[in-house]
1. Taking amide H positions as placed 1.01 Å from N in the peptide plane, with prolines and chain starts having none, which residues 5 or more places from Phe205, or on another chain, fall under 5 Å of its amide H?
2. In terms of solvent-accessible area of protein heavy atoms at a 1.4 angstrom probe, what is the ranking of Ser45, Ser164, highest value first?
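The values are calculated or read from the model by the stated rules, or taken from the named source; none is laboratory data. The structure presented is a predicted model; accordingly, all values stated were derived computationally and were not measured. Ligands, DNA and RNA are stripped out before the accessible areas are found, and what is left, the full protein with its side chains, is counted by its heavy atoms. Shrake-Rupley method; radii C 1.70, N 1.55, O 1.52, S 1.80 Å.
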Amino acid sequence: MTAQPGRPKGDSDTRARLLDAARCLFVTQPYTKVSTRMIAAHAGSNAAMIRYYFVDKAGLFESMIKETFEPLLEQMRQILSEPGELKIAELFQRYYQVMGPHPDLPKLMLRSMMDPQTTENRLVARVFAEFMQGAIQLIGQSLQQPQHLQQGVDAQLARLSLISLAVFPFIAPPLTLSSQGIELNTDFLNKLAHHNQRLVSHGMFKIATPEYL
């Protein structure tokens with residue numbers, strides 16, 4: 001969606017504050033329950049600024065999802081464009097870096113995608129499809145080469161395992177995490193990325209490269 005032309009009457013970080021407010025509200029309440037007035041009030045702004053920057057609530061919602069995932073998508077594009085092997089470690093690291101500040105966003109996306117009849121499903125699906133296409137292509141580059149996999153490892157199941165390792169911490173029930181004494185903060189996610197890299201390197205691939213150690 002394209003915002004209307006004209007000079008906004010607000011401070012320079014109004015757009016960023018609206019995106020932050022949208023993330024905060026949409027992850028805790030259904031899309032239909034969140035109004036532009038609520039978002040604007042939470043951001044210390046007004047609904048006119050939403051119309052200026054995003055046209056409407058749907059435009060703000062889509063921008064919120066897309067701009068959060070864009071650094072990860074850009075990293076995947078970069079990895080895919082460069083020669084080399086076994087770069088899944090980079091995907092783990094970047095995914096946790098991007099999702100770390102927004103740990104509830106994957107839950108929002110999962111909830112939105114459960115009902116194909118909703119507006120948020122339509123908006124999320126576009127961004128998620130691009131993300132999954134890039135992730136599967138990146139993972140497939142490593143797994144499609146038989147010399148990389150340990151004997152008996154199924155490439156399709158390995159791909160599913162990699163996706164599960166990345167996504168599960170963010171969609172796990174809070175009780176599951178708290179019972180293990182886990183808090184999704186930067187320190188834990190860095191530790192988890194390192195653990196997953198070693199797990200993938202030694203559990204799926206024949207040779208552990210320095211990238212995974």
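1. Gln150
2. Ser164, Ser45
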